[in-house]
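Undergrad: The structure is given below, and queries will be raised subsequently.
Nothing in this text is a laboratory measurement; each read-out follows from the coordinates by a stated rule. Since the model is a prediction, treat every value here as computed from it, not as a measurement. Positions of Cβ are generated from backbone atoms using ideal geometry, with glycine treated the same way; all protein chains shown enter the neighbour counts.
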Amino acid sequence: MDFDLTDEQKMLKEMAYKFALNEFKPVSQECDEQEKYTPEIRKKAGENGLTGSWIPEEYGGAGVGFFGNCLITEEFSKIDMGIGLNIIASSFGCESILQYGSEEQKKTYLPQVCSGEKVSAGAYTEPNAGTDVAGYKTRAVKDGGDYVINGNKMFITNGSVCDFMVAQCITNPEEKKHNSFSLIIVPADARGISRNKIKGKMGIRSSDTAEIAFEEVRVSQSNLVGREGRGFMELMHFFDTTRIMVAAQGLGLSEACLEASIRYVKERTVFGAPLGTFQLTQKKLTEMAIMIEALRGLVYRAAWLADVGRPDYHLSAMAKFFSGQTAVLCANYAVELHGGYGYIEEYPVQKWYRDAKILEIYEGTKEAEIMTIGRKLQA
Ligand SMILES: Cc1cc2nc3c(=O)[nH]c(=O)nc-3n(C[C@H](O)[C@H](O)[C@H](O)COP(=O)(O)OP(=O)(O)OC[C@H]3O[C@@H](n4cnc5c(N)ncnc54)[C@H](O)[C@@H]3O)c2cc1C
């Protein structure tokens, strides 16, 4: 057993961090304030092999696997989780194309996202059903060689900027709920699609989130990903790897909180001594450090398992759950340790505090992760 990163992985981590420092940091505050999406940074990331990096080289990716993708995500999230998400999620949904798609679909869609030219999205959540995946209502009805899609999707990352999306639709309503869904690739410029950017998010404000409506949208039946009626199961396997990516976001953000806090408590003097010399301060830093180390273990192991062909749905859920807990706690402590300065925009900790909360909501709420893990423990 070897817990060390390889030289290649260390280089990838350093490269991703430098990229984020040079490209994200100068615009981070402005993008947060103005909810600004940055396509030029995403394109540059593509030129540097940082978009769709987990996709195998034969389909245009960097072939660094889910582990490499985690390292990139972790480093990006140390600087700006929202801008990082624009890049990391620019291949969102393509996990299912790689796993279940036809060779033609892989050759058509994957290289485009790897180069940073095109953006994909995973369109699952609906206005009336998020956690209850089996409650989605969007319908795709066969007509000639096409599917005709009607329905609404909600809170879709990259929804207003994507070029295509992988959407969960009911194709077999006569079947039991879980066997009635299919994943279908839908070009974002298809007739009948309207997209509305959602503004006013609490955190990750530089990321794009949209509502999408399908009205009599016609796509070829050749856009079906995998098998008809298997969409629910395919979506569950999508979470095997995407939850690890989200967990890596929390790892990076938590590390940034700890580093900033250590810096601050060494500089800040209270009662005639550095803040860091007080035991209550040390308790907070220690708790943060322990949780970060434990989280790293979960994230890296879950990613490694996915890369060796043994993705573990439950371990991914654990990593994602613990990531939310860790990031929310670390961001909270970071704000507290900065006192009043933690509450104003001069220091980034207030932004990390707002950003952290999404890690307990998207890609399965913390309650959804608990249900997943709890069921497995009693299986
Ligand atoms: C910024 C952002 C980006 C997102 N990106 C995407 C994306 O790219 N693609 C996509 O498809 N979706 C995306 N989502 C949607 C996200 O995954 C959902 O919001 C999330 O799954 C929760 O669904 P919901 O909002 O419908 O809440 P609900 O499912 O209505 O849940 C509300 C509350 O009830 C709890 N709850 C639900 N069921 C139970 C139960 N059985 N027992 C106890 N508690 C329960 C939940 O945990 C939650 O606390 C995004 C959301 C946001 C905010």
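Undergrad: Between Gln9 and Met202, what length comes free when the chain is fully extended (0.36 nm per residue of separation minus the Cα-Cα distance, one decimal in nm)?
TA: The Gln9-Met202 span can extend by a further 66.2 nm.
Undergrad: A further question follows. Using only Cα atoms, figure out Rg for segment 7-114 and give it as a multiple of 2.2 N^0.38 Å.
TA: 1.06
Undergrad: Whole angstrom only: what separates the Cα centroid of segment 251-313 from the Cα centroid of segment 69-131?
TA: 27
Undergrad: Provide the gained length on full extension for the span Asn128 to Val141, in nm with one decimal, where the gain is 0.36 nm per separating residue minus the Cα-Cα distance.
TA: Value of the extension gain: 2.6 nm.
Undergrad: Going by average Cβ neighbours within 10 Å, how do the peptides 127-140, 62-75 rank, with the highest at the top?
TA: Those peptides, ordered most packed to least, come out 62-75, 127-140.
Undergrad: Let me ask something else. Out of the GluC sites (Glu not before Pro) in segment 288-358, which ones are loop residues according to DSSP with at most 11 other C-beta atoms within 10 Å?
TA: Glu345, Glu346
Undergrad: Work out how much length Ala379 to Phe271 would gain on full extension: take 0.36 nm times their residue separation and subtract the Cα-Cα distance, in nm to one decimal.
TA: In short, 33.4 nm is gained.
Undergrad: Helix-only estimate, please: 222 nm mean residue ellipticity of the chain, summing -39500 (n - 2.57) across DSSP H runs of length 4 or more and dividing by its residues, to the nearest 500.
TA: Calculated at 222 nm, the ellipticity per residue is -16500 deg cm²/dmol.
Undergrad: Restricting attention to segment 173-274, which chymotrypsin sites (Phe, Trp or Tyr not before Pro) occupy a DSSP loop and are surrounded by at most 12 other Cβ atoms within 10 Å?
TA: Answer in residue order: Phe271.
Undergrad: Convert each backbone phi in segment 174-190 into a coupling constant with the Karplus relation 6.51 cos²θ - 1.76 cosθ + 1.60 (shift: θ = phi - 60°), then list the ³J(HN,Hα) values in order as whole Hz, x for Gly and Pro.
TA: Calculated HN-Hα couplings, in order: 6, 7, 4, 2, 5, 9, 9, 9, 9, 9, 10, 7, 10, x, 5, 9, 5 Hz.
Undergrad: If the viscosity is 0.890 mPa s and the temperature 25 °C, what Stokes-Einstein diffusion coefficient in µm²/s follows for the chain when Rh is the Kirkwood radius over Cα pairs?
TA: D = 116 µm²/s.
Undergrad: Quick check on the exposure proxy: order Val349, Val328 from fewest to most C-beta atoms within 10 angstrom.
TA: So the residues, fewest neighbours to most, are Val328, Val349.
Undergrad: Which angle between 0 and 90 degrees, to the nearest 10, do you get for helix 65-79 versus the longest principal axis of the chain when only C-alpha atoms count?
TA: Around 50 degrees separate the two axes.
Undergrad: Starting from the Cα of Lys25, move 7 Å in the Cα-to-Cβ direction to define the label point; list residues of segment 244-265 whose amide nitrogen is under 13 Å from there.
TA: Only 260 fall inside the zone, counting backbone N under 13 Å.
Undergrad: Once both axes come from the Cα atoms, what is the angle between helix 7-23 and the longest principal axis of the chain, in degrees from 0 to 90, rounded to 10?
TA: Between helix and principal axis, roughly 80 degrees.
Undergrad: Continuing with this model, one more query. Please report the equivalent ellipsoid semi-axes of segment 233-377, computed as sqrt(5 x eigenvalue) of the Cα gyration tensor, largest first, in whole Å.
TA: Square roots of five times the eigenvalues give 33, 14, 12 Å.
Undergrad: Quick one: work out Rg over Rh on the C-alpha atoms of segment 120-227, Rh as Kirkwood radius.
TA: Checking Rg against Rh, the ratio lands at 0.97.
Undergrad: Using a simple spin-label model with points 7 Å from Cα along the Cα→Cβ vector, what separation in nm is obtained for Phe278 and Asn150?
TA: So the two model labels end up 6.3 nm from each other.
Undergrad: In degrees from 0 to 90, rounded to the nearest 10, what is the angle of the helix 366-377 Cα long axis to the longest principal axis of the chain?
TA: 80
Undergrad: By DSSP, what percent of the beta bridges with both residues in the chain are antiparallel, rounded to the nearest 5?
TA: Looking only at bridges with both residues in the chain, the antiparallel portion is about 85 percent.
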